[in-house]
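A.B. asks: What follows is a single structure, and I will ask about it in a moment.
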Amino acid sequence: MGKKLYMYFLQKGAACLLAATVVAALGGCAAPGEEESRLYKYMTSLRSEFPYRDSNPGAAIVWGSRVYDDGVRYEGEFNNGKRHGRGKQIWPDGAEYEGEYQNDKRNGQGTFTWPSKAKYEGDFVDGKRHGKGVFTWPNGARYEGSYVDSQRDGPGVFFHPPDTAGRVQKERQMWGMDQLISSSPLDETVAEPKVAPSALLPKEPVEVGNQLADTRLARSSDAPPLDKTPTKPASVAPTTTGSLPEISGIGTPSKTPVTTSAVSQTEIPTTKLWSDPETGISLAFIPGGCFSMGSEQESENENPVHEVCLDSFWMGVHEITQKQWRQVLNWLPEQSVLDDRFPVGNVSWQGVDEFLQAINKRSGIHFRLPTEAQWEYACTGGGLDKFYCGEGAVQELGWVEENSDHRPHAPGELVSNRFGLYDMTGNLWEWVADWYGADYYRHSPQRNPTGPASGTSRVFRGGGWLSKAGVIRATMRHDMDPHRSYPLMGLRLAAPRVLGVP
């Protein structure tokens, strides 16, 4: 009993002493409304200078402040000497971060403000912007969307700075590793800006550890040359190889195709078809031949034009559908539109490889992705339709930004090409088998090329439903990390031979 009384009076005495200290610090009486603010500031300063242990005896969280060797100051929660919990960090140049930490790294929700007053509010993982977030530039421009490794990646909305009348133009955008893929106004009644939306983006700082660096966002690599009244930025696929040259001379084949193709230049061949009885996947026979691959007039990675000769093969009539993917793997990645009739999107190259291994175990057919050369040969009808994957206007051949209503479509609704293949232009981008090499065309073998022996990214071709009609073309080639998926990325199968057909 005596010990309990002793502890009671000791606690009361400490409380009285603390109250007296607070009153003294507040300078006696305070005006109404000031007490809470002044008390909060004082108590905050107390816990910054005198770390306290969390009231939960099982937690190792303490509050304190620390100045690091590079001049960075942190005030907040620590765990075993590491920033862990909520806190605020200030850099010598004025940059600030306030939010959540885990194991000495920004993890969770937080706000990072650069010296220029640009600001990001949203998710962080391992010190990087990762997840959903809002980036606001000093001029009032704002981007709300998805981030991966501090880069815009996926869908988002861009808000232009207010005009003189206070109106704000909004655009629906799609990004791939900080490369603008497509953009379209959300409000068609609002006049568009005098320059391309991507050119309006100010410099966006990139955060590296406790240091800050600036990088300027390059304009969409496939965007056509700007004129005085451009419409919308052109669609471009994400690339890991940097910005590509601007397009010029669109619409004219670079060279007369080599005429040794097995395809008639005046008649559409009779298509020989085969269908897998279990999945319904249909393949068309592609007769071998030679053609001119690449383009001299387009992006640098499409030249030089070179002769390629291929053996006969079989090619998917349609892109693989969501139903077919689920039949083989019993799962389906998240889709922009969920419909069994639609092509499956949001697949990585590695995911496609898993699909191929599974279907080959049960079908008896050696399904595979087409090589880049096979894809372009099949797309162009053996080299005869050099610009698009078929004859006629692009909107008759494929689903692009101008006719897709910003969504994918069921395969086979438009016109096929010379080989009876559908949607090789637009709808979904398509993975091919090859590793990517920007200069591979300069030393590619003539006979059945299969791409570089190794690499860090894989090639994809064709265009998607957000691609600009004036930009996509049969020779266009892009690349992406094989482990990454993308909502507009799909696949089309090929095979060297099929069962029951000579």
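A.B. asks: Residues of the stretch 382-402 with amide nitrogen under 20 Å from the 7 Å Cα-to-Cβ point of Val337?
C.D. replies: 394-402
A.B. asks: Can you pull the three principal axis extents for the Cα set of the stretch 439-478, in Å, largest first?
C.D. replies: 32, 22, 16
A.B. asks: For the stretch 101-158 and the stretch 291-356, write down the distance between their C-alpha centroids in whole Å.
C.D. replies: 32
A.B. asks: Each residue of the stretch 308-322 in turn: what ³J(HN,Hα) in whole Hz from Karplus with 6.51, -1.76, 1.60 and θ = phi - 60°, glycine and Pro shown as x?
C.D. replies: Using θ = phi - 60°, the values come out as 10, 10, 10, 6, 5, 7, 10, 9, x, 5, 10, 5, 5, 8, 4 Hz.
A.B. asks: Once the piece of chain linking Ala60 and Lys170 is laid out straight, how much longer is it, given 0.36 nm per residue of separation minus the C-alpha distance between them?
C.D. replies: Contour length minus the Cα-Cα distance gives 35.0 nm.
A.B. asks: Per residue of the stretch 381-389, in order, report the coupling 6.51 cos²θ - 1.76 cosθ + 1.60 (Karplus, θ = phi - 60°) as ³J(HN,Hα) in whole Hz, putting x for Gly and Pro.
C.D. replies: x, x, x, 8, 10, 6, 8, 10, 8
A.B. asks: Same structure again: Taking a ≥ b ≥ c as the square roots of the Cα gyration tensor eigenvalues, with a/c under 1.5 meaning rounded and otherwise prolate when a/b beats b/c, else oblate, which class fits the stretch 273-495? Write out the running numbers ahead of the final one.
C.D. replies: Working: a/c = 1.39, a/b = 1.22, b/c = 1.14.
Cα axes put the stretch 273-495 in the rounded bin.
A.B. asks: Go through the stretch 342-357 residue by residue and turn each phi into a ³J(HN,Hα) via Karplus (6.51, -1.76, 1.60, θ = phi - 60°); whole Hz please, and just put x for glycine and proline.
C.D. replies: These are the phi-based 3J(HN,Hα) values: 7, x, 6, x, 6, 10, 8, 4, 5, x, 5, 4, 4, 4, 5, 4 Hz.
A.B. asks: Quick query: amide H of Val148 versus all other amide H atoms, modeled in the peptide plane; which residues come in under 5 Å with a sequence gap of 5 or more or a different chain?
C.D. replies: It is Gly131, Asp153, by chain and number.
A.B. asks: Sticking with this structure for a sec: What is the extension gain from Gln446 to Leu499, computed as 0.36 nm multiplied by their sequence separation minus the C-alpha to C-alpha distance, in nm to one decimal? The partial results should precede the final answer.
C.D. replies: Values: separation 53, 0.36 × 53 = 19.08 nm, distance 2.86 nm.
The Gln446-Leu499 span can extend by a further 16.2 nm.
A.B. asks: For an R0 of 22 angstrom, estimate the FRET efficiency from the Cβ-Cβ distance between Lys119 and Asp149 and round to the nearest 0.05. Show your work: numbers first, answer last.
C.D. replies: Working: r = 19 Å, r/R0 = 0.87.
Result of the calculation: an efficiency of 0.70.
Taken together, the values in this text are just the output of simple stated rules run on the coordinates, not laboratory data. Note that this is a predicted model, so its numbers are computed, not measured. Every residue, glycine among them, receives a Cβ derived from its backbone with ideal geometry; neighbour counts consider all protein chains shown.
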